[in-house]
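Below is one structure, written out as structure tokens, with a few remarks after it.
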Amino acid sequence: MTYEAKAPDKKSDSLGFRPKRFWGGTATVDLEGGIGVALDGRPVKTPKGKLLVLPNADLSQRIAAEWSAVGEYVDYEAMPLTRLGFASVDRMGEVLDDTLAEVTRYSETDLLCYPAEYPAALQAREAAVWQPVLAWADATLDLQFQQNQSIIHQPQPKTTIQRIQSLISNTTPYEQAGIMLAIPLLGSVILALALWRGHLSGEAAFVASRIGEDFQTETWGRDEEAAKRAAGIRAQAHSLEIWFKALA
């Protein structure tokens, strides 16, 4: 049930059509339950037709800046905070059970719980970065994870899974949207939670998630398509850092 915070799914968009900018001025506006973004005085709505209500002035100003920066055509791919706002309003408040099931699935196969079996150089790199994050999760969130260097699946403690579910259940829909984007992006619930809580920056979380890939690149050489994908992941991780800081 992970929400990828994609651009609105419309038939015209699938044919390559990008909406043309139709407004001149962009501003924030008070709405019931929060703050919105107005285009020439008209509040922005989500793809499902709901008002884009945001929880605070900082986040609404940042999203207003994305709309203000639009050129001749709207490019939602260049508006990551807007997409997260859409996800928060349209999806997160209605699918908590699915969200918790998805978090549980990722928790059982978390990247940090399956370090490399070899070579020693890669093992050392992973340990240097991952062990402090695992220690933080234990000390700060009371989450104990077990690492497994075998390809055979090893379940995580039930208490850990229950505590993660409790954490997610008690977050706002805005936090949930960010967390549920961060988890598949980084391949790790642990890294996603560390990014959410501000323990890791977007760059640090990205680097921690890419240790194996970076090691392979050093060993076998650079692949341009893989590098392009990595650049996109890095950009999203940075956007998530901004999102979580604005929510804090």
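Every number here is computed from the coordinates shown, using simple stated rules; none is lab data. No experiment lies behind these values; they were computed from the predicted model shown. In this analysis, Cβ positions are derived from the backbone assuming ideal geometry, glycine residues included, and neighbour counts consider all displayed protein chains.
Points worth noting:
- Residue check, Ala231 touching an Asp or Glu at 6+ places or on another chain (Cβ under 8 Å), of a type in the set (A, V, I, L, M) and surrounded by fewer than 19 Cβ atoms within 10 Å (Cβ to Cβ): no
- Test set (1) surrounded by 19 or more Cβ atoms within 10 Å (Cβ to Cβ); (2) assigned to a helix (DSSP H, G or I) - Leu143 fails condition number: (2)
- Only one of the listed residues (Pro43, Pro157) is of a type outside the set (A, V, I, L, M) and out of contact with any strand residue (DSSP E or B) (no Cβ under 9 Å at 6 or more places or on another chain). That residue is Pro157.
- Matching helices (runs of 4 or more DSSP H) fully within the stretch 52-137 where at least 2 residues are surrounded by fewer than 20 Cβ atoms within 10 Å (Cβ to Cβ): 57-68, 96-108
- Test: residue in the stretch 99-108 that is free of Cβ contacts under 8 Å to residues at least 60 places away in the same chain and more than 22 Å from Asn170 (Cα to Cα): no
- Among (1) at positive phi; (2) touching a Pro at 6+ places or on another chain (Cβ under 8 Å); (3) not small (Gly, Ala, Ser), the one test that Asp142 misses: (2)
- Any hit, the stretch 57-77, residues being among the hydroxyl-bearing types (Ser, Thr, Tyr) and over 23 Å from Trp243 (Cα atoms): yes
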